[in-house]
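J.: Mind having a look at this structure? Questions to follow.
The values are calculated or read from the model by the stated rules, or taken from the named source; none is laboratory data. Note that the coordinates shown come from a computational prediction; the quantities given were computed from them, not determined experimentally. Neighbour counts run over all protein chains shown; Cβ positions are idealised from the backbone, glycine included. Just so you know, the surface numbers come from the protein's heavy atoms only, side chains and all, with ligands and any DNA or RNA stripped out. Shrake-Rupley method; radii C 1.70, N 1.55, O 1.52, S 1.80 Å.
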Amino acid sequence: MRIFADSASDLPKDFFVNSDVSLVPLHVLVDGKEYQDIVEIDSLEVYEAIRKGGQPKTSQVSPENFLERWTELAKSGDEGIYIAFSSELSGTHNTAVMIRDQVKEEYPDLNLVIIDSKCASLGYGLLVKEAVRLRSAGESILSIEEKIRFMAAHMEHLFTVDDLDYMARGGRVSKTSAFVGGLLNIKPILHVEEGKLVPIEKHRGRKKVIRRFLELMEERGDNLSEQRLAISHGDDEAVALELKALIEERFNPKSIEVHLIGSVIGAHVGPGTFSVYFLNKLPKVE
């Protein structure tokens, strides 16, 4: 069984190689040049460009890329599962479905499950890692699909940005709000709801945001001590490790992994962003 995931999962490059997961890169445009995310550009380069005043742009996976992949999968006779970046944040999922249906006209036996994760960054990445674990355990494609869809439906994303200007450039907040927010050191807390980016609160200063993250985790999380959590950051490892230590002290989860926010999402949220991911409901163990 083949597993496909795109670069918006924010998993490191070596994960795809070591875990036998096929990377589907989105595209990043920096200083007029287009790059395949992860393959041709590192997220640190994107953050550096932003700090210098650049405005990187992103684009979805091309139909031609999917046509090549799905046709090759069909010819191989293997079954596959593609966990895709939220359809509310990118057209990649819908393109993948359209091309799969096109390929099935010529290869009706193609067995390819495509899941709209409705997730982003390591919230999405945790789904991919679980799919790999389930495949290694010998689970069927139908079982993996069911479990990943459950997990996706219950994945919590909490994140904040360091500078509202980055989100204003992408139209996520007004330029006036960004200006006032910068003057007052206002930090928004956002989450992902039905695949969409939704602001929920505002606080002054990073310390208050971190404290509120812990409170929201307590309110929303289900048995966090039994979970594998994740933290992602926009080139600010210090704050990520600070948050990690506080979560470990308070909730003692099974594990917490920390990774950089990748180029595609980083281009929109900017340096200094940090996020935490966990489940609000655990699956029943039979």
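J.: Considering each of GLY138, GLY125 in turn, give the residue that is surrounded by 23 or more Cβ atoms within 10 Å (Cβ to Cβ) and modelled with pLDDT of 95 or more.
T.: Residue meeting the stated conditions: GLY125.
J.: Six or more apart or on different chains, Cβ atoms under 7 Å: show the pairs whose first residue is in segment 232-250 and under 11 Å from ILE210 (Cβ atoms) and part of a helix (DSSP H, G or I) and whose second is open to solvent by 50 Å² or more (accessible area, probe 1.4 Å) and at pLDDT below 95.
T.: That search, which allows pairs on different chains as well, returns VAL239/ARG206.
J.: Next question. Among the residues of segment 213-233, is there at least one that is over 21 Å from ARG51 (Cβ atoms), surrounded by fewer than 15 Cβ atoms within 10 Å (Cβ to Cβ) and among the basic types (Lys, Arg)? Steps first, answer last, please.
T.: Filtering segment 213-233 down to residues over 21 Å from ARG51 (Cβ atoms) leaves 213-231.
Those left that are additionally surrounded by fewer than 15 Cβ atoms within 10 Å (Cβ to Cβ): 215, 218-219, 222-223, 225-226.
Narrowing the set further to residues that are among the basic types (Lys, Arg) leaves none.
Looking through segment 213-233, none of the residues is over 21 Å from ARG51 (Cβ atoms), surrounded by fewer than 15 Cβ atoms within 10 Å (Cβ to Cβ) and among the basic types (Lys, Arg).
J.: When the residues of segment 1-30 are filtered to those that are surrounded by fewer than 22 Cβ atoms within 10 Å (Cβ to Cβ) and among the acidic types (Asp, Glu), which remaining residue is farthest from SER117 (Cα to Cα)?
T.: The selected residue is ASP14.
J.: Can I ask one more? I'd like the full set of residues that are open to solvent by 30 Å² or more (accessible area, probe 1.4 Å) and in a strand (DSSP E or B), limited to segment 31-43. Break it down into steps so the answer makes sense when it comes.
T.: Kept after step one, since they are open to solvent by 30 Å² or more (accessible area, probe 1.4 Å), are these residues of segment 31-43: 31-36, 38-40, 42.
If the condition is that a residue be open to solvent by 30 Å² or more (accessible area, probe 1.4 Å) and in a strand (DSSP E or B), then LYS33, GLU34, TYR35, GLN36 are the ones that fit.
J.: So, one more: From ILE83, ILE99, ILE50, grab the single residue that is at pLDDT below 95 and of a type outside the set (Phe, Trp, Tyr).
T.: Values: ILE83 fails: at pLDDT below 95; ILE99 fails: at pLDDT below 95.
Residue meeting the stated conditions: ILE50.
J.: Do you know which of the residues in segment 1-25 that are outside any helix (DSSP H, G or I) and among the charged types (D, E, K, R) is farthest from ILE261 (Cα to Cα)? Outline the logic, then answer.
T.: We begin by selecting, within segment 1-25, every residue outside any helix (DSSP H, G or I); these are 1-6, 10-12, 19-25.
Checking which are among the charged types (D, E, K, R) leaves us with 2, 6, 10, 20.
Numbers: ARG2: 25, ASP6: 14, ASP10: 6, ASP20: 21 Å.
This residue is ARG2.
J.: Between GLU40, GLU68, GLU72, which is acidic (Asp, Glu) and closer than 30 Å to THR273 by Cβ? Working first, answer last.
T.: Numbers: GLU68 fails: closer than 30 Å to THR273 by Cβ; GLU72 fails: closer than 30 Å to THR273 by Cβ.
Criteria check complete, one pass: GLU40.
J.: How many of the residues making up segment 192-237 are within 20 Å of the chain's Cα centre (by Cα) and more than 23 Å from LYS254 (Cα to Cα)?
T.: 12
J.: Mind checking which residues of segment 97-116 are free of Cβ contacts under 8 Å to residues at least 40 places away in the same chain and either under 25 Å from LEU260 (Cβ atoms) or part of a helix (DSSP H, G or I) (or both)? Full working, then the answer.
T.: Of segment 97-116, the ones free of Cβ contacts under 8 Å to residues at least 40 places away in the same chain are 97-109, 111, 113-115.
Within segment 97-116, VAL97, MET98, ILE99, ARG100, ASP101, GLN102, VAL103, LYS104, GLU105, GLU106, ILE115 meet the criteria.
J.: Next question. For segment 46-82, which residues satisfy the criterion of being open to solvent by 60 Å² or more (accessible area, probe 1.4 Å) and without any contact (Cβ under 8 Å) to a residue 24 or more places away in the chain?
T.: Across segment 46-82, the qualifying residues are GLU48, LYS52, GLU64, GLU68, GLU72.
J.: Here's something else I'd like to know. Here are the criteria: (1) open to solvent by 50 Å² or more (accessible area, probe 1.4 Å); (2) in contact (Cβ under 8 Å) with a residue 60 or more places away in the chain; (3) part of a helix (DSSP H, G or I). Tell me which single one GLU88 does not satisfy.
T.: (3) is the only condition that GLU88 fails.
J.: Restricting the search to segment 84-124, which residues are in contact with a helix residue (DSSP H, G or I) (Cβ under 8 Å, 6 or more places away or on another chain) and of a type in the set (Gly, Ala, Ser)?
T.: Listed by number, the residues that qualify are ALA84, SER86, SER87, SER90, ALA96, SER117, ALA120, SER121.
J.: Also, quick follow-up: Considering VAL61, VAL28, VAL46, which residue is under 17 Å from the mean Cα position of the chain (by Cα) and assigned to a loop (DSSP other than H, G, I, E, B)?
T.: On the way: VAL28 fails: assigned to a loop (DSSP other than H, G, I, E, B); VAL46 fails: assigned to a loop (DSSP other than H, G, I, E, B).
Being under 17 Å from the mean Cα position of the chain (by Cα) and assigned to a loop (DSSP other than H, G, I, E, B) holds for just one of VAL61, VAL28, VAL46, which is VAL61.
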